[in-house]
Amino acid sequence: MVAPASDETVTNDNRIKIDIQIIEPLQNGGSPILSYSLEVDDGQGGQFKAVYGKDVDSLATSYTQYYGVERGYLFRARYRARNVIGWSDYSPIGYILAAIKPNTPPMPTIVSASATAI
């Protein structure tokens, strides 16, 4: 398993989108995956809480959160999968920053130049 990742095309300073990687047939222990359970904290290092798949089966591989998201919050996310054998171990923790990628600064311009200074 790999850590959950931010979908940078959607994540900004007031929402986050988390994508998880599906479990390939060679990694599922010989039995199809019945559910993924995604857990996310509050963006401030709090407890993990299941957002889907724990109590009701879900094969969703992405999640978008709009509530409780503020600029600069760093959300931790992890997931696990279940088949007929039971739940897998948790994935590594992924970190999703609620922020907007800054624009590229403009190219510098030369105002004056001499032999010893710009």
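Values computed for the structure shown
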{"item": "Two-decimal ratio, the chain, of alpha-carbon radius of gyration to 2.2 N^0.38 Å", "result": "1.52"}
{"item": "DSSP-loop chymotrypsin sites (Phe, Trp or Tyr not before Pro) across region 1-76, with at most 15 other Cβ within 10 angstrom", "result": "PHE48, TYR66, TYR67"}
{"item": "Computed over the chain: relative contact order in percent, which uses C-alpha pairs under 8 Å that are six or more apart", "result": "32 percent"}
{"item": "Efficiency of FRET between MET1 and ALA60 - r from beta-carbon atoms, R0 25 angstrom, step 0.05", "result": "0.95"}
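A short reminder: the numbers here are calculations on the coordinates, not readings from a lab. These figures come from a predicted structure and were not determined experimentally. Please note: Cβ atoms are built from the backbone with ideal geometry, for glycine as well, and neighbour counts cover all protein chains shown.
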